[in-house]
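Mind having a look at this structure? Questions to follow.
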Amino acid sequence: MENQLAVVLDFGGQYSHLIARKVRECGVYCEVKPYTTSISDLAKLNPMGIILTGGPKSVYVEGSPLYDSSLFELGVPILGICYGAQLTAHLNSGKVVKAKKAEFGGVTLNICDTSSLLLKGIEKTSTCWMSHTDFIAEPPKGFKVTASTENCPCAAMENCEKRIFAVQFHPEVSHTEHGLKVLNNFLKDICGFSGDWRMSDYVDNTIKALKEKIGDKKVLCALSGGVDSTVSAVMVHKAVGKNLTCIFIDHGLLRKNEGDSVEEMCRTKFNMNFIRLNAQEQFLTKLAGVTDPETKRKIIGEEFIRCFEKVGKQLGKVDFLVQGTIYPDIIESGLGDRAVIKSHHNVGGLPDVIDFKDIIEPLRLLFKDEVRKAGIELGIDEKLVWRQPFPGPGLAVRIIGEITKEKVALLQDVDAVFRQEIANAGLERSISQYFAVLTNMKSVGVMGDGRTYEYAVALRAVKTTDFMTADFAHIPYEVLNKVSTRVVNEVSNINRVVYDITAKPPATIEWE
Ligand code: XMP
């Protein structure tokens, strides 16, 4: 089981993550590797199948991502998708050219060779999803064309003898009618995967490996109470028990009762060594009078480091530091020079202040939905597993202008009402992130027979998969109405509620 690995070789395509996810959906364990992985490192992984992804370039243009052509001599079955298909043709002396007409979206796929191993069991005509301007004009020697579309004479090709396959369309996209079947054919019939990989295997194998790696050494985990760090901590705890210590910094900018519920879970449910540092006053003092968003973020990042230094000194030397890094974090950090929109604060500064030998990242190969599945396998409360993302600087970036204790309490109350009503309406899982923002604006209202002059709060709710782009969630008016009524009635000092209907871009999800 452990050796049954599929590798997705990433050439920078939009759907590389999706391919990996779909492969796992087929019950096959898979890892995404950048195309810069050397052929010898790739071979060392001993994969049973390799998938070449799409990519934004043309194979015939100088500087486009290519690969060592001995890849095709490894004897490992290969499936090229989109750019990966063109690369397969190019590296095997086929011809790739710019098409007269680009194909984008759903088109009809015609299978012209029913003996195809890859397309076995698929109707002769079906819909596939295309997104290309180049196409394979001449397949390499030894390859036969197995499918075409109106504008793409080689929509699929294969060399059965060498077990090399290629499709111009995207089988990983749900708009491709039989995409999953294509992937299943490749993985199970061609590569020979058993297809019985489950998340519980990942959890069990990781715990076993962590036990071996850590032995009786000491481990420290910076716990935020978010899904990733909690699942990481629980996994390590199952492996080494009391040799793990979790540090939770309560900066006083968490959601209502959040600090207590994280502490209770760790102490009672998981019986972990747990240190909660109550640093509410410390953070508020440093933030007093600060209104600039970037300055707020920097102050909070720095205070976190100071807190860890303090606890680190008490603990002395530790051998390992646990971090809740997940796969998209790795991919994103590999993508280079993007503009800094906001200084994201995570625990990135920790390595400098804690004396440790090595970092442990038990989730570094998983995607968010898989982390959630792992969390369920580990017996973590569903409520926690399904928590929405929460920024490191917490409510500080949701209170516009100066932060005070009173404003924090006010926002916590509004946010709690909003979350309750979203839960009551059964919308929790269909909205990616939802929260309240305390604007720095007061407006006139009327309550009873009197004039009021109080704060306006904004509700923000978005739908997104990658959090890089987002649409505002179309929450039913009745739900918004209920939230608005409850907020102005139950939370003092608020007399107006507005709903943020901006997408990202041009806005961001958080207000600061
Ligand atoms: P924006 O506001 O940039 O947010 O559209 C995108 C996602 O990132 C979260 N976010 C953060 N997460 N540290 C984090 O760990 C941060 O400093 C931070 N700032 C924003 C935000 O909640 C959203 O999910």
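The values are calculated or read from the model by the stated rules, or taken from the named source; none is laboratory data. None of the values given here were measured: they were computed from a predicted structure. In this analysis, Cβ positions are derived from the backbone assuming ideal geometry, glycine residues included, and neighbour counts consider all displayed protein chains. What goes into the accessible areas is simple: the full protein's heavy atoms, side chains included, and nothing from ligands, DNA or RNA. Shrake-Rupley method; radii C 1.70, N 1.55, O 1.52, S 1.80 Å.
Cβ-Cβ under 6 Å, sequence separation 6+ or interchain: first residue in region 493-505 and within 15 Å of the ligand (Cβ to nearest atom), partner of a type in the set (A, V, I, L, M, F, W, C) and open to solvent by less than 50 Å² (accessible area, probe 1.4 Å). Which pairs?
Final answer for the pair search is D500/A458; K504/A470.
Taking the condition of being open to solvent by 20 Å² or more (accessible area, probe 1.4 Å) and more than 24 Å from D260 (Cα to Cα), how many residues in region 357-376 meet it?
9
Which is over 22 Å from Y453 (Cα atoms), modelled with pLDDT of 95 or more and more than 16 Å from the ligand (Cβ to nearest atom), of Q420, Q433?
Going through Q420, Q433 in turn, just one is over 22 Å from Y453 (Cα atoms), modelled with pLDDT of 95 or more and more than 16 Å from the ligand (Cβ to nearest atom): Q420.
Let me ask something additional. State all residues of region 472-492 that are surrounded by 14 or more Cβ atoms within 10 Å (Cβ to Cβ) and either more than 16 Å from the ligand (Cβ to nearest atom) or part of a strand (DSSP E or B) (or both); if no residue qualifies, say none. I'd like the intermediate steps shown before the answer.
Let us first name the residues in region 472-492 that are surrounded by 14 or more Cβ atoms within 10 Å (Cβ to Cβ), namely 472-473, 475, 479-480, 482-484, 486-488, 491.
Selection gives F472, I475, V479, L480, K482, V483, S484, R486, V487, V488, V491.
Quick one: count up the residues across region 176-203 that are open to solvent by 50 Å² or more (accessible area, probe 1.4 Å) and within 22 Å of the chain's Cα centre (by Cα). Lay out the reasoning, then the answer.
From region 176-203, those open to solvent by 50 Å² or more (accessible area, probe 1.4 Å) are 177, 180-181, 188-189, 194, 196, 198; that's our starting set.
From the residues that got through so far, the ones that are within 22 Å of the chain's Cα centre (by Cα) too are 180, 198.
Number of matching residues: 2.
Which one of L253, L284 is in a loop (DSSP other than H, G, I, E, B) and either aliphatic (A, V, I, L, M) or free of Cβ contacts under 8 Å to residues at least 40 places away in the same chain (or both)? Write out each step before concluding.
Values: L284 fails: in a loop (DSSP other than H, G, I, E, B).
So the residue among L253, L284 that is in a loop (DSSP other than H, G, I, E, B) and either aliphatic (A, V, I, L, M) or free of Cβ contacts under 8 Å to residues at least 40 places away in the same chain (or both) is L253.
Looking only at residues in region 397-438 that are open to solvent by 20 Å² or more (accessible area, probe 1.4 Å) and polar (S, T, N, Q), which one is nearest to T485 (Cα to Cα)?
Ranking the candidates gives Q420 first.
Quick check: is even one residue across region 169-185 in contact (Cβ under 8 Å) with a residue 40 or more places away in the chain, assigned to a helix (DSSP H, G or I) and touching a Leu at 6+ places or on another chain (Cβ under 7 Å)?
yes
Taking the condition assigned to a strand (DSSP E or B) and modelled with pLDDT under 95, does G105 pass? Write out each step before concluding.
Numbers: assigned to a strand (DSSP E or B): yes; modelled with pLDDT under 95: yes.
Judged against the criteria, G105 is a match.
So, one more: Could you check region 10-45 and list, in sequence order, the residues that are aliphatic (A, V, I, L, M) and either in a helix (DSSP H, G or I) or in contact with a Pro (Cβ under 8 Å, 6 or more places away or on another chain) (or both)?
L18, I19, A20, V23, I39, L42, A43
Of the residues Y453, Y499, only one is of a type in the set (F, W, Y) and more than 25 Å from A425 (Cβ to Cβ); which?
Answer to the selection: Y453.
I need the full set of residues from region 249-287 which are more than 27 Å from R419 (Cα to Cα) and either assigned by TED's automatic domain parsing to the domain that holds R419 or surrounded by fewer than 12 Cβ atoms within 10 Å (Cβ to Cβ) (or both), in order please.
As a first pass, look at region 249-287 and keep what is more than 27 Å from R419 (Cα to Cα): 271-275, 282, 285-286.
Scanning region 249-287 gives N271, T285.
Shifting gears a bit: Out of region 323-363, which residues are within 16 Å of the ligand (Cβ to nearest atom) and at pLDDT 85 or above?
Once the filter is applied, which keeps residues that are within 16 Å of the ligand (Cβ to nearest atom) and at pLDDT 85 or above, region 323-363 yields Q323, G324, T325, I326, E361, L363.
Restricting to region 186-203, name every residue that is part of a loop (DSSP other than H, G, I, E, B) and of a type in the set (G, A, S). Outline the logic, then answer.
Narrowing region 186-203 to residues part of a loop (DSSP other than H, G, I, E, B): 191-198.
Within region 186-203, G192, S194, G195 meet the criteria.
Taking the criterion of being assigned by TED's automatic domain parsing to the domain that holds G13, more than 24 Å from S69 (Cβ to Cβ) and open to solvent by less than 60 Å² (accessible area, probe 1.4 Å), would at least one residue in region 137-145 satisfy it?
no
It is to be established whether one or more residues within region 458-466 are crowded, with 16+ Cβ neighbours inside 10 Å, within 15 Å of the ligand (Cβ to nearest atom) and in a helix (DSSP H, G or I).
No, there is no match, as no residue in region 458-466 is crowded, with 16+ Cβ neighbours inside 10 Å, within 15 Å of the ligand (Cβ to nearest atom) and in a helix (DSSP H, G or I).
Ok, one more. Working only within region 378-396, note down all residues that are away from the ligand (no atom under 15 Å from the Cβ) and crowded, with 17+ Cβ neighbours inside 10 Å.
Across region 378-396, the qualifying residues are L378, I380, L384, V385.
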